[in-house]
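Novice: The structure follows.
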Amino acid sequence: MPDTPRSVPRLFGRGTWAEARRVADVLRKETVGGMLLLAGTLIALTWANSRWSSGYATMTGLRIGPAALHLDLTLATWAADGLLAIFFFVAGLELKREFVAGDLRDPRRAAVPVAAAAGGVIVPALVYTLVNLGGEVRGWAIPTATDIAFALAVLAVIGRWLPSGLRTFLLTLAVVDDLLAIVIIAVFYTAHLSVLPLLAALVPLGLFTVLVQRRVRSWWLLLPLAFAAWALVHASGVHATVAGVLLGFAVPVLRSHRAPGPGPGLAEHFEHRFRPISAGFAVPVFALMSAGVTIGGLHGLAAALSDPIAVGVMAGLVAGKPIGILLATWLTARFTRAEIDDGLAWIDVAGLAVLGGIGFTVSLLIGELAFGAGDARDDHAKVAVLIGSLTAALLATVVLRMRNRTYRRLYEAERVDRDGDDIPDVYQS
């Protein structure tokens, strides 16, 4: 007996009204962060290619911190290891909240963005490896990461009328993508491992977990424990951003049964507090410290882009990412017999898949881990990340702009509220 329309699984459905409002709030904050990230990148590139480039090198190489604690680090390292830990802490909070209390607690809804994120990691890694087979394959993970801030900032400009289901899909895909990236960093880019500091990190991490599980919000208790866990993970040789994800996963999502009444859970509370810091400060400062590659004019740009490393990175971002995301999404729909939601088309998914090729923050970080900061190979990889991300943004603009009028009709239909209860009717049907 054929399925009725009610029983057919839907891809990119609008979800709940509460989730749609939350995603809209996240998009606003990440859009501002994306603009600041772009500003930091442009400042770094301009500075590094000006007559004052030595000042940029002096700034990023300035060492501060207590040497006795092995934290006598350059400003660039503090940005990559310290500030990005805040970014991954927020990503951990976001991912846990989605799967515990968000719409993705339903495995059928979670399968699509998770599969898309996995495809968006595997295929660009294969593309890069094929291009560099027999050469510098250590950079295989550089084109695997989607930059949340940049992608959502572009989406805010070109996809203002994008239906909420597609927005949620892109946001969740990017967060899962970041989690896969941190696993890759921990497993494949740990040069040496000191077991004792790693085991010692379990003590402050465990105390932090106990306190947050008891819904303790006192910063003077939690921040020292979080910093201790971060410092010990850093001393162990595992990249310190891993500590950020672990701390984020430790925070409970649901409100305690002993705390009656309305209000956000602790994970949502921390996300509201730390997302502006992550998007508005941590990631832009990292871009300022890491994106300042000396190009050397047109000749230098041509030399950088002819490097197989750069070719592999650009091919992975511009071709591998969208192919992987689109193929994984289509296969998920094929094997689950799901149908795309009413009013949407696969060209919409293709546009988002191309947008997923905007890789910046984590791509720059992996490039430094793969080749070493200041290495010529790392500089070539940075140029490729910038060019590849810009190309992906332009291509996504072309695809998504074609559907903008359709998006606007859907958006206006979703916002009809005949009963005046501030909840659109489509979320009550």
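The values are calculated or read from the model by the stated rules, or taken from the named source; none is laboratory data. Small disclaimer: the values here were computed from a predicted structure and weren't measured. Here the Cβ positions follow ideal geometry from the backbone for every residue, glycine too, while neighbour counts run over all protein chains shown.
Novice: Any residue at all in the range 141-156 that's at pLDDT below 90, of a type in the set (A, V, I, L, M, F, W, C) and more than 20 Å from R275 (Cβ to Cβ)?
Specialist: no
Novice: Tally up the residues in the range 333-358 that are assigned to a helix (DSSP H, G or I), out of contact with any strand residue (DSSP E or B) (no Cβ under 8 Å at 6 or more places or on another chain) and over 29 Å from L390 (Cα atoms), please.
Specialist: Total meeting the criteria: 3.
Novice: When you go through T336, T329 one by one, which is the residue that is of a type in the set (S, T, N, Q), surrounded by 24 or more Cβ atoms within 10 Å (Cβ to Cβ) and touching a residue at least 40 places away in the same chain (Cβ under 8 Å)? First the steps, then the outcome.
Specialist: On the way: T336 fails: surrounded by 24 or more Cβ atoms within 10 Å (Cβ to Cβ).
Result: T329 is the single residue among T336, T329 that is of a type in the set (S, T, N, Q), surrounded by 24 or more Cβ atoms within 10 Å (Cβ to Cβ) and touching a residue at least 40 places away in the same chain (Cβ under 8 Å).
Novice: Ok, one more. Run down A68, A76 and say which single residue is assigned to a helix (DSSP H, G or I) and either at pLDDT 90 or above or touching a helix residue (DSSP H, G or I) at 6+ places or on another chain (Cβ under 8 Å) (or both). Break it down stepwise before answering.
Specialist: On the way: A68 fails: either at pLDDT 90 or above or touching a helix residue (DSSP H, G or I) at 6+ places or on another chain (Cβ under 8 Å) (or both).
Criteria check complete, one pass: A76.
Novice: Next question. Looking only at the range 36-65, count how many residues are under 21 Å from H234 (Cα atoms), aliphatic (A, V, I, L, M), in contact with a Leu (Cβ under 6 Å, 6 or more places away or on another chain) and not in a loop (DSSP other than H, G, I, E, B). Please lay out each step first, then the result.
Specialist: Of all residues in the range 36-65, those under 21 Å from H234 (Cα atoms) come to 60-65.
Checking which are aliphatic (A, V, I, L, M) leaves us with 62, 64.
The next check asks that each one be in contact with a Leu (Cβ under 6 Å, 6 or more places away or on another chain); those that pass are 62.
This time we only want the ones that are not in a loop (DSSP other than H, G, I, E, B), so: none.
Of the residues in that region, 0 qualify.
Novice: Please go through the range 34-52 and pick out each residue that is modelled with pLDDT under 90 and out of contact with any Pro (no Cβ under 7 Å at 6 or more places or on another chain).
Specialist: G34, M35, L38
Novice: Just name the residue that is surrounded by the most Cβ atoms within 10 Å (Cβ to Cβ) out of those in the range 124-139 that are out of contact with any Pro (no Cβ under 9 Å at 6 or more places or on another chain) and closer than 20 Å to I358 by Cβ.
Specialist: G139
Novice: Another question, if that's okay. Of all residues in the range 141-181, count the ones that are within 14 Å of I366 (Cβ to Cβ) and either small (G, A, S) or crowded, with 23+ Cβ neighbours inside 10 Å (or both).
Specialist: Total meeting the criteria: 10.
Novice: Those residues that are part of a helix (DSSP H, G or I) and touching a residue at least 60 places away in the same chain (Cβ under 8 Å), I need them from the range 93-109; list them, please.
Specialist: So the first thing to find is which residues in the range 93-109 are part of a helix (DSSP H, G or I), and the list is 93-100, 103-105, 107-109.
Scanning the range 93-109 gives L93, E94, L95, K96, R97, E98, V100, D103, L104, R108, R109.
Novice: Answer yes or no: is there a residue in the range 122-141 that is part of a helix (DSSP H, G or I), of a type in the set (A, V, I, L, M), touching a residue at least 24 places away in the same chain (Cβ under 8 Å) and closer than 21 Å to G34 by Cα.
Specialist: Scanning the range 122-141, I find no residue that is part of a helix (DSSP H, G or I), of a type in the set (A, V, I, L, M), touching a residue at least 24 places away in the same chain (Cβ under 8 Å) and closer than 21 Å to G34 by Cα, so the answer is no.
Novice: Taking the range 192-215 on its own, how many of its residues are touching a helix residue (DSSP H, G or I) at 6+ places or on another chain (Cβ under 7 Å) and either among the small types (G, A, S) or free of Cβ contacts under 8 Å to residues at least 12 places away in the same chain (or both)? Give the derivation first.
Specialist: Applying the first criterion (touching a helix residue (DSSP H, G or I) at 6+ places or on another chain (Cβ under 7 Å)) to the range 192-215 yields 193-194, 197-198, 200-201, 204-205, 207-209, 211-212, 215.
Adding the requirement that they be either among the small types (G, A, S) or free of Cβ contacts under 8 Å to residues at least 12 places away in the same chain (or both) leaves 194, 200-201.
The qualifying residues number 3.
Novice: Taking L84 as the residue in question, decide whether it is crowded, with 17+ Cβ neighbours inside 10 Å, in contact with a helix residue (DSSP H, G or I) (Cβ under 8 Å, 6 or more places away or on another chain) and assigned to a helix (DSSP H, G or I). Before the answer, list the steps.
Specialist: On the way: crowded, with 17+ Cβ neighbours inside 10 Å: yes; in contact with a helix residue (DSSP H, G or I) (Cβ under 8 Å, 6 or more places away or on another chain): yes; assigned to a helix (DSSP H, G or I): yes.
In short, yes.
Novice: Can you tell me which residue among T172, T209, T190 is out of contact with any Pro (no Cβ under 8 Å at 6 or more places or on another chain), of a type in the set (S, T, N, Q), part of a helix (DSSP H, G or I) and over 15 Å from A85 (Cα atoms)? Full working, then the answer.
Specialist: Numbers: T172 fails: out of contact with any Pro (no Cβ under 8 Å at 6 or more places or on another chain); T190 fails: part of a helix (DSSP H, G or I).
Unique residue meeting the criteria: T209.
Novice: On to the next question. Just give me the residues in the range 282-296 being touching a Lys or Arg at 6+ places or on another chain (Cβ under 8 Å) and outside any helix (DSSP H, G or I), in sequence order. If you could, list the steps in order and put the result at the bottom.
Specialist: Taking the range 282-296 as the starting set, the residues that turn out to be touching a Lys or Arg at 6+ places or on another chain (Cβ under 8 Å) are 290-291, 293.
Across the range 282-296, the qualifying residues are A291, V293.
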